[in-house]
Amino acid sequence: MCGIVGYIGRRQAYPVLIKGLHRLEYRGYDSAGVALISAGGSLNVYKSQGKVSDLEDTAQNRDLTGCIGIGHTRWATHGEPGFRNAHPHLSQSGRLAIVHNGIIENYASLREMLIGQGRTFNSDTDTEVVVQLIEYIQEKDGLSFVASVQRALQMVQGAYAVAVLDMRQPDTIVAARKGSPLVVGVGDDELFLGSDASPIVEYTDRVIYLDDEDMVVLRQDAAITLMTVRGERKTPQIQQVTMDVSQLEKGGYDHFMLKEICEQPQSLRSCLQSVRQTLIGPDAERVFSLLQNANRVIITACGTSWHAGLVAKYAIERMTRVPVEVDYASEFRYRQPVINPGDVVIAVSQSGETADTLAAIGMAKEQGAGVLSVCNVIGSSIPRTSDCVIYTMAGPEIGVASTKAFTAQVAVLTMLALVWGHRKGTVGEAEYTALMQQLDTLPDKIGRIIAQKETVRKMAQTLSFAPSCLYIGRGCNYPVALEGALKLKEISYIHAEGYPAAEMKHGPIALISQEMPVVTVATESAVYDKLVSNIQEIRARQGRVMAVVTEGDTEVARMADSYVAVPQVAECLSPILNIVPLQLLSYYVACLKGCDVDQPRNLAKSVTVE
Ligand code: F6R
């Protein structure tokens, strides 16, 4: 949800900002813009509707000099995604420029007040209100640049990460955050800003993760002043960040999504290695002191991470006999849930910045629940507000459709259930050893599925003509059906629904026709025979079936119009394999339809607004 970057130092800012915006484009791609203060002291703003590459075209042959600048890539909230609403926004006099990620909730009343004071607005955004307010305070109260930003931020309600320039102070960037992420990169004689560390890691591995309501003043001589928006001084805590820059590139693949699907053998291997250390090594007590007395687990998450939570419900209940509820974070936070002593909340998030999940954690903590998070992005807000964290260690995920994060989340949560059950005695020694060994075989097994890309690509041809599609599965593969349907919807714009297979006859079977393919997750399981009957019911009504089956299966394979076979594995681990062909299927369908796979319309990867 909008990416912001900033640079101040000795090099030319523009190339740093543009590269940074490309790295952050996964957060939004409705428009992009930069503001630079040139050596001559002028404030130059360039912006364009569309992607960062459109901005580069617009900015060609313009004055791009200057060692201080801020930039923005937008996911529209207030105001349509055109040029008029693109950031940076300017104050009335044109002296101040701002970039913003978040939502200012009281923008309407502030705007009205400012209009009453003679200010005119050039956009429909909530952001412009902030920059106009800063200038208004500067002029009315005669406050300094820093003090007027501070005063303005005390008046706004809502979520923000902002970076502000004042052309009268060409050696300063003022930035602040509340509810939206912001990271400062600390170089030797230069400073960087980013919505996450990805635009920074190329230049320095030293970062400061700002806390909510932190405000930072960055100077050209690389001096940093950290304070709260209420003016209390703080000592910056510099942390080391390790990110391999090559992980941020496509590495020869056409799309990040395909790269991320194909790197699942490696990402899962590194995930398993890391989670094993956390759950069996010295850190285990931190996790299990939270869980050992749990009477109930509430998993909260959004989207794909919520699907991982649904898979985990099956594993945790079966292996530990502790009841599990799985709630959308956006529902959980507003439905006044009953939280009892002894409840543990597990928050699952790839980005660690999802606004609803963060708010759900805040609410759960207020009501006394312990919070464990399962997160991919190190240092992000969700792990920092949780009591303890297990990182999925899948590496940066850039494609908007989540793939490798899902398999890592399911692996972490399944191993958590297994180790927890073993500690409790609800999982016996033999089963524990067998499943731990099988977990280690999954990366190679995923490799065998990816080797069948061509089979899946052929299956995609049928699906690419379908106006609508059903995905069905049972047990722990019902959430896999949901996730497969989500993948198809979000990147190929084909309507798709996931259903528990046995529910078909309670309604959706009415939809079955030649025009509506049914993708079936039909691998070996306790309910395999029942699923076979469900497939028969579809076939009997001329439905077309595409199936994911276990290697060696003949029954479903014979009934299906097309199928892909995955290696045999214990049922509780099968979601980690079964989702892979469905990821590939949605990818190839989107490619056949000519869709923008990595940047699907209307979406952004990190949902930092409600
Ligand atoms: C779908 C997808 C989204 C995210 C959701 C939660 O492919 O990526 O549904 O899963 O926005 O995001 P995180 O996991 O970052 O909290």
Along the stretch 385-398, Karplus-curve 3J(HN,Hα) (6.51, -1.76, 1.60; θ = phi - 60°) to the nearest Hz, with x for Gly and Pro, reads 9, 8, 6, 8, 9, 10, 7, 7, 6, 7, x, x, 10, 10
The extension gain from residue 432 to residue 223, computed as 0.36 nm times the residue separation minus the Cα-Cα distance, is 69.9 nm
Note to self: C-alpha centroids of the stretch 274-343 and the stretch 59-79 sit apart, in Å, by 42
Order by accessible surface, 1.4 Å probe, largest leading, for residues 207, 607 comes to 607, 207
Loop-resident trypsin sites (Lys or Arg not before Pro) in the stretch 552-604 with no more than 16 other Cβ atoms inside 10 Å, DSSP not H/G/I/E/B, are 593, 601
Taking N as the residue count of the stretch 41-147, its alpha carbon Rg divided by 2.2 N^0.38 Å gives 1.11
Everything considered on the Cα gyration tensor (a ≥ b ≥ c; rounded for a/c under 1.5, else prolate if a/b is larger than b/c, else oblate), the stretch 461-522 must be described as oblate
At q = 0.09, 0.14, 0.18 1/Å the base-10 log of I(q)/I(0) from the Debye formula over the alpha-carbon atoms of the stretch 452-610 is -0.26, -0.64, -1.05
Summed over the other residues with a beta carbon less than 12 angstrom from that of residue 321, with K and R at +1 and D and E at -1, the charge totals +2
Rounded to 0.05, the calculated FRET efficiency for the beta carbons of residue 505 and residue 83 at R₀ = 60 Å is 0.70
The correct ranking of 551, 331, 128, 366 by accessible area at 1.4 Å, largest first, is 366, 331, 551, 128
Under 29 Å between C-alpha atoms, the lysine pairs in the stretch 3-247 lying 8 or more places apart or on different chains count 8
Inter-part gap, Cα centre of the stretch 182-231 to Cα centre of the stretch 549-568, in whole angstrom, is 53
The simple spin-label model distance between residue 250 and residue 124, using points 7 Å out along Cα→Cβ, in nm, is 3.3
Those helices of the chain passing the 15 Å axial Cα length cut-off and the mean Kyte-Doolittle cut-off of 0.0 (DSSP H runs only) are 13-24, 145-155, 355-366, 404-424, 478-492, 574-592
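Using mean Cβ contacts within 10 Å as the protection proxy, how do 428-438, 12-22 order, highest first? List each step's numbers first, then the result.
On the way: 428-438: 13.2, 12-22: 22.5.
So the order, starting with the most tightly packed, is 12-22, 428-438.
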The extension gain from residue 335 to residue 293, computed as 0.36 nm times the residue separation minus the Cα-Cα distance, is 12.6 nm
Non-local residues with an amide H under 5 Å from the amide H of residue 374, with H modelled 1.01 Å from N and Pro and chain starts lacking one, are 347, 348, 349, 390
Taking R0 as 60 Å and r as the Cβ-Cβ distance between residue 554 and residue 610, the FRET efficiency 1/(1 + (r/R0)^6), rounded to the nearest 0.05, comes to 0.75
Interchain or sequence-distant (5+) residues whose placed amide H lies within less than 5 Å of the amide H of residue 213 are 177, 178, 179
Sorted by chain and then number, the residues having a modelled amide H within less than 5 Å of the amide H of residue 68, at least 5 places away or on another chain, are 13, 37
Cα-only Rg/Rh for the stretch 115-229 with Kirkwood Rh rounds to 0.99
Gyration tensor (Cα only) of the chain to equivalent ellipsoid, semi-axes in Å sorted down, yields 45, 27, 22
Scalar couplings 3J(HN,Hα) for the stretch 182-196 by Karplus 6.51 cos²θ - 1.76 cosθ + 1.60 (θ = phi - 60°), nearest whole Hz, x for Gly and Pro, are 7, 10, 9, x, 10, x, 5, 9, 7, 10, 10, 10, x, 5, 9
Expressed in µm² per second, the diffusion coefficient of the stretch 525-610 from the Stokes-Einstein equation, with Rh the Kirkwood radius over alpha carbon pairs, at 10 °C and 1.306 mPa s, is 103
Once phi for every residue in the stretch 63-72 is put through the Karplus expression 6.51 cos²θ - 1.76 cosθ + 1.60 (θ = phi - 60°), the whole-Hz ³J(HN,Hα) values, with Gly and Pro written as x, are 6, 10, 7, x, 9, 9, x, 9, x, 8
Scoring the stretch 3-247 by relative contact order with C-alpha pairs under 8 Å, at least six apart, yields a percentage of 19
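As an exercise, find the ratio Rg/Rh for the stretch 187-268 from alpha-carbon atoms, using the Kirkwood inverse-distance average for Rh.
On the way: Rg = 16.8 Å, Rh = 15.1 Å.
A ratio of 1.11.
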Highest mean packing first, using Cβ neighbours within 10 angstrom, the peptides 458-467, 307-316, 400-409 sort as 400-409, 307-316, 458-467
Only helices counted: for the chain, with every DSSP H run of 4 or more residues adding -39500 (n - 2.57) and the sum spread over all residues, [θ] at 222 nm is -12000 deg cm²/dmol
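The values are calculated or read from the model by the stated rules, or taken from the named source; none is laboratory data. Everything numeric here is computed off the predicted structure, so don't read it as measured data. Ideal geometry is used to build each Cβ from the backbone, glycine not excepted, and the neighbour counts take in all protein chains shown. These area figures cover heavy atoms from the full protein model, side chains too; ligands, DNA and RNA do not enter into them. Shrake-Rupley method; radii C 1.70, N 1.55, O 1.52, S 1.80 Å.
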